[in-house]
Each structure stands twice: as structure tokens, then as C-alpha cells.
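The numbers here are math on the coordinates, done by the rules we state, and not lab data. Computed from a predicted structure; not experimentally measured. All Cβ positions, even for glycine, are placed from backbone atoms using ideal geometry, and neighbour counts span all protein chains on display.
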Amino acid sequence: MIRKIFGESIGVYTLPNAELYNDEFIKFAYYSKDLVENTDIFKLMKESNAPKDMNDYLEPFIHRSHLIPGYPLKFLDDVMWALKEYTKEMGQEFNQHNFPYLAPYVSRAWTNITPQGDYIGSHDHKRFDAKFSVSYYPKFLPEQGDLHIENTDLKVNKRIYPCNEVPARERIEGKKGQAVIFPGYIKHHTEINKSLEDRISTSCDIKYLGINSDLPPPELVNELTSAFQQELTTNFKL
Ligand SMILES: [Fe+2]
């Protein structure tokens with residue numbers, strides 16, 4: 001179902017196969033957290049006191065969870081299903097209908113663990129050039145911190161701190177098995193997790209490829225994917 005928020009289309013969908021992968025997702029979230037925090041390379045980078053380089057090094061891994069063994073791939077099928085519903089509701093039958101001009105794919109995926117008292121601050125996914133972004137909850141308890149869609153056009157102080165002049169943000173109540181889809185440029189954040197348990201969410205970005213996009217040689221893409229796996233097995237090992 002689409003909700004119109006600040007003139008933007010925000011899709012909220014219960015994913016059909018949620019029960020098949022929710023537990024797997026929770027396990028994977030802790031596994032990938034351990035992977036980046038407790039592998040030798042992370043410790044080395046921490047000791048070398050080079051936060052900028054560290055992020056450059058870690059981001060490709062943190063944001064490419066879907067290429068790491070153990071990631072619940074069935075979830076990606078459900079994301080494509082939700083995208084289809086979303087674009088259909090917007091009157092844009094993107095998927096097969098527009099192939100080979102617009103072919104959607106998941107470009108990045110990652111998991112977030114937000115402990116008690118913490119929250120995810122205001123951000124968007126513009127930096128990754130995401131056409132659409134997805135937030136999904138494999139579990140959700142009351143008071144774990146609902147997602148807020150911000151009135152992106154407002155100045156940052158007015159978005160974060162509600163003011164009387166204009167609505168600054170709108171809450172989307174979290175629910176286990178629920179995916180929220182929104183354009184990648186939309187600013188969003190979460191409330192503080194006031195529950196006793198970790199809040200676990202997973203995100204992914206969707207891009208479109210088409211015959212008018214840059215089409216890198218498939219062998220190069222294969223080589224890079226193998227190089228990713230190689231780096232992963234060499235450097236990111238618990
Ligand atoms: Fe986000």
C-alpha cells in the first residue's frame with residue numbers, strides 16, 4: 001500500500017515469505033556485525049587509527065551483505081515482489097513490461113543492529129545513487145524505534161526538531177515482516193530504541209539497468225565478484 005508523505009510515494013508491504021527468512025536474518029545480522037568488528041583486518045585498521053580508510057575498506061563489505069554466504073537470498077525475491085506492487089500502484093509497470101529498458105536489481109544490502117538507547121540518525125541513500133531504498137524488519141518489538149520519513153525539502157534543524165510552521169516528519173509504525181520502500185533521496189531516521197532488546201533491521205538499495213545504461217563487460221563483473229569473494233575469505237574471517 002502506498003502512503004503519500006510530503007508528496008512522495010512511500011510503499012508499505014508485508015512480505016509474503018517473511019516467516020521463511022526472519023530468523024535467518026537475525027542470525028545473519030549478528031554474524032555480519034561480528035565479521036566486521038572482530039576480524040583481524042578490522043582490528044588492524046582500528047589500531048592504525050585511520051577511520052577514513054577504514055570506512056573505505058569496510059563499506060563494500062558492510063553494504064554487500066547479499067554477496068556474503070549465509071545471507072537469506074529468498075528475501076531479495078520478496079523485495080522484487082514488493083517493488084512490482086509499488087511501481088504498479090504508482091502506475092509505472094516497470095519490471096518485465098519495460099525490459100530491456102529498465103531492469104531493477106538490488107545494488108547494495110546491509111543489516112543494522114540498534115541497541116537499547118541508540119537510534120539511526122538522519123540520512124538518505126543519495127550517495128549510493130539508489131533509485132529506491134528498502135527498510136525491512138525481521139523482528140519488531142514495541143518501542144524499538146519507528147522509522148520517520150522527513151520532509152526532505154526542509155532545512156535540517158526543522159526536519160529533526162518538529163516546529164509549528166510545517167510538518168517535519170511522519171512516522172511509519174514498525175511491524176515484523178514489513179518492508180518500507182521509498183525513493184533513495186528521501187531523508188529518514190529512527191526513534192530511539194527504548195526496548196530492552198536490540199532493534200534489527202535490514203536495508204537494501206535498488207537500481208535500474210537498461211540497454212541505455214553503461215553496460216560493463218560481463219567478464220569484468222564476474223572477475224570483480226570473484227575478487228570480492230576472495231577478499232572476503234582472506235580478510236574477513238572470524
Ligand atoms: Fe537508510
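Taking 2.2 N^0.38 Å as the expected size of a compact globular protein, what ratio does the Cα radius of gyration of the chain give against it, to two decimals? Walk me through the numbers before you get to the answer.
Working: Rg = 18.4 Å, N = 238, 2.2 N^0.38 = 17.6 Å.
My calculation over the Cα atoms of the chain gives 1.05.
Across the stretch 15-32, in residue order, what do the Karplus-derived ³J(HN,Hα) couplings come to in whole Hz, using 6.51 cos²θ - 1.76 cosθ + 1.60 with θ = phi - 60° and x for Gly and Pro?
Going residue by residue, I get 6, x, 10, 3, 5, 6, 10, 4, 5, 4, 5, 5, 4, 5, 4, 6, 4, 6 Hz, with x marking Gly and Pro.
Given R₀ = 22 Å, FRET efficiency for Asn222-Leu20 by Cβ-Cβ distance, to 0.05?
Details: r = 29 Å, r/R0 = 1.31.
Efficiency for this residue pair is about 0.15.
Can you compute the modelled spin-label distance between Asp118 and Lys74, with each label point 7 Å from Cα toward Cβ, in nm?
Placing both labels 7 Å beyond Cα along the Cβ direction yields 2.8 nm.
How big is D for the stretch 173-238, in µm² s⁻¹ as a whole number, if Stokes-Einstein is applied with the Kirkwood radius of its Cα pairs at 20 °C and 1.002 mPa s? Walk me through the numbers before you get to the answer.
Values: Rh = 16.6 Å.
The diffusion coefficient I find is 129 µm²/s.
In sequence order, what are the phi-derived ³J(HN,Hα) couplings for the stretch 184-196 according to the Karplus relation 6.51 cos²θ - 1.76 cosθ + 1.60 with θ = phi - 60°, rounded to whole Hz, with x for glycine and proline?
Along the stretch 184-196, the couplings run x, 8, 6, 6, 8, 7, 10, 6, 5, 6, 9, 8, 7 Hz.
At 0.36 nm per residue, minus the direct Cα-Cα distance, what do Tyr208 and Asn38 gain on full extension? Give it in nm, one decimal, please.
Values: separation 170, 0.36 × 170 = 61.20 nm, distance 3.45 nm.
Stretched fully, the Tyr208-Asn38 segment lengthens by 57.7 nm.
Residues with amide H under 5 Å of Ala168's amide H, sequence separation 5 or more or different chain, H placed in the peptide plane at 1.01 Å from N; which?
Cys163
Looking only at the chain, where both bridge partners belong to it, what percent of the DSSP beta bridges are antiparallel (to the nearest 5)?
Numbers: 37 of 38 bridges.
Bridges in the chain are about 95 percent antiparallel.
Between Lys187 and residues 5 or more places away or on another chain, which pairs have amide H atoms under 5 Å apart, with H built 1.01 Å from N, and which residues are they?
Glu150, Thr152
Enumerate the amide H contacts of Leu209 below 5 Å, restricted to partners 5 or more residues apart or on another chain; note that Pro and chain-start residues carry no placed amide H.
So Leu209 has HN proximity to Ala103, Tyr105.
Multiply the residue separation of Lys175 and Lys27 by 0.36 nm, subtract the distance between their alpha-carbon atoms, and state the gained length in nm to one decimal.
Numbers: separation 148, 0.36 × 148 = 53.28 nm, distance 1.86 nm.
Between Lys175 and Lys27, full extension yields an extra 51.4 nm.
Can you figure out the FRET efficiency of Trp81 with Glu47, using R₀ = 30 Å and their beta-carbon distance, to the nearest 0.05? Walk me through the numbers on the way to the answer.
Details: r = 44 Å, r/R0 = 1.48.
Between Trp81 and Glu47 the formula returns 0.10.
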